[in-house]
């Protein structure tokens with residue numbers, strides 16, 4: 001099983017949150033700093049049981065520095081259908097919504113785009129999380145336009 005946690009941090013706190021995540025033995029390859037409504041996206045692969053995910057990752061992450069809370073919001077996204085595996089660092093993640101009846105078609109279409117590294121369908125406030133590879137913001141704009 002695979003899941004994501006999307007974290008929104010207090011202003012100026014994302015570096016401290018990143019440090020705390022790394023102290024939890026999360027791989028730097030699974031932690032992504034974003035710009036937008038989500039500050040940090042953490043990817044979890046190889047989850048055996050949901051209870052283990054909650055105990056080992058969900059609860060500890062949301063309790064980072066309880067004396068001075070640095071995380072304002074968390075969103076947990078459980079993957080329904082995994083896209084292609086990727087080892088390359090993405091330039092961006094696209095958090096997408098679609099018509100429910102088109103979910104599989106959208107996932108398939110995204111994975112046929114050369115710049116798309118992966119497209120996972122998820123339970124949560126979004127329908128698809130897609131990792132993309134482009135060189136810069138101009139290419140990203142062309143991809144999403």
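The values are calculated or read from the model by the stated rules, or taken from the named source; none is laboratory data. Quick caveat, the model's predicted, so the values are computed rather than measured. No Cβ is skipped: glycine too gets one built from the backbone with ideal geometry, and neighbour counts run over all protein chains shown.
Brief remarks follow.
- Residue under evaluation residue 69, criteria (1) in contact with a helix residue (DSSP H, G or I) (Cβ under 9 Å, 6 or more places away or on another chain); (2) in the same structural domain as residue 6 (by TED's automatic domain parsing); (3) in contact (Cβ under 8 Å) with a residue 40 or more places away in the chain, criterion not met: (1)
- Picking from residues in segment 53-71 that are at pLDDT 95 or above and surrounded by fewer than 16 Cβ atoms within 10 Å (Cβ to Cβ), the one that is nearest to residue 3 (Cα to Cα) is 54.
- Selected residue [under 13 Å from residue 6 (Cα atoms) and either touching a helix residue (DSSP H, G or I) at 6+ places or on another chain (Cβ under 6 Å) or in contact (Cβ under 8 Å) with a residue 12 or more places away in the chain (or both)] from 95, 110, 26: 95
- Condition check for residue 134: under 27 Å from residue 17 (Cα atoms), surrounded by 15 or more Cβ atoms within 10 Å (Cβ to Cβ), in contact (Cβ under 8 Å) with a residue 24 or more places away in the chain and over 15 Å from the mean Cα position of the chain (by Cα): yes
- Residue that is surrounded by the fewest Cβ atoms within 10 Å (Cβ to Cβ) [pool: residues in segment 73-92 that are touching a helix residue (DSSP H, G or I) at 6+ places or on another chain (Cβ under 9 Å) and free of Cβ contacts under 8 Å to residues at least 60 places away in the same chain]: 87
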